[in-house]
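The values are calculated or read from the model by the stated rules, or taken from the named source; none is laboratory data. Please read these numbers as outputs of a predicted model, since none were measured by experiment. Heads up, the Cβs are rebuilt from the backbone with ideal geometry, glycines too, and the neighbour counts pull from every protein chain shown.
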Amino acid sequence: MSLIDPTTRWWNRDSTRRVAAYTCWIVGTGLALYSSWTLWGTVDGSAPTWLIIACAMLPIPLLIAGAFLYQFSIESDEPSGRALTFPLAAYFIAIGLGGLLGNQERQTTLIVMNTIFVAGGVIAIIGAEFATRRIASNAQLRKRVEHNGVTARGRVTRARSYSLNYQNVTRVTVEFTDTEGRKRWASQTVGGEVRTGALLEIRYSPSDLDRKAAVIISGH
């Protein structure tokens, strides 16, 4: 036991952990860039072999350590998509850029391969950002539906039961009628075993029915 609040110690502060995470990512990416550049560009043997090997091996552990440090610095229990994807994408971009710079020095013909690394990293960053924003938007929409959604009853037209984490759940498709009198169908997984023809309670946002997150299906 301690007479000092552990959260007040500098190494336990969230800001310190975030700084350490960014430091790991920056150093890891820099080492990846240097190792790739040196590997493809050094022609006179001036870079020691052990240094090239060390710089090539350290980036991945540093990127992983940064991801853990960043996750421990935020309050959410869910893994951060950016913390997992962006550093890895930056790693591939660094390898590609280093290779391109090295190829330019050596005047070799591996430009296409290294360009693919760079392009793949950029695409991964853009895709991860789009997915992260989409997930956050869906979470906000579900909160609005839970608090202000329209309540209705829907009939199960399809049910498939299975076990998830040692608990019985059912993937159901529910038919319901919206506020404009049109029939709609929504599919989700609910707890317990549900049979075809059962009536389930649903909540939905009439103005967002073009999105799956606009419908929440409750159990019995």
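Observations, loosely collected:
Residue-by-condition table, conditions (1) at pLDDT 80 or above; (2) surrounded by 11 or more Cβ atoms within 10 Å (Cβ to Cβ):
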residue: GLU129; (1), (2): no, yes
residue: ASN165; (1), (2): no, no
residue: THR179; (1), (2): yes, yes
residue: ARG182; (1), (2): yes, no
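- Counting only strands (runs of 3 or more DSSP E) that sit wholly inside segment 147-206, those with at least 2 residues that are of a type outside the set (Asp, Glu) and in contact with a helix residue (DSSP H, G or I) (Cβ under 7 Å, 6 or more places away or on another chain) are 199-204.
- Flag for ILE60 being at pLDDT below 75 and under 23 Å from VAL19 (Cα atoms): no
- The condition of being over 23 Å from THR23 (Cβ atoms), modelled with pLDDT under 65, assigned by TED's automatic domain parsing to the domain that holds VAL27 and among the hydrophobic types (A, V, I, L, M, F, W, C) holds for only one of ILE116, ILE111, that being ILE111.
- Test result for GLY191, in contact with a Ser or Thr (Cβ under 9 Å, 6 or more places away or on another chain), farther than 30 Å from ARG82 by Cα and surrounded by 13 or more Cβ atoms within 10 Å (Cβ to Cβ): yes
- Qualifying residue in segment 75-97 (condition: at pLDDT 65 or above, over 22 Å from CYS24 (Cα atoms) and outside any loop (DSSP other than H, G, I, E, B)): no
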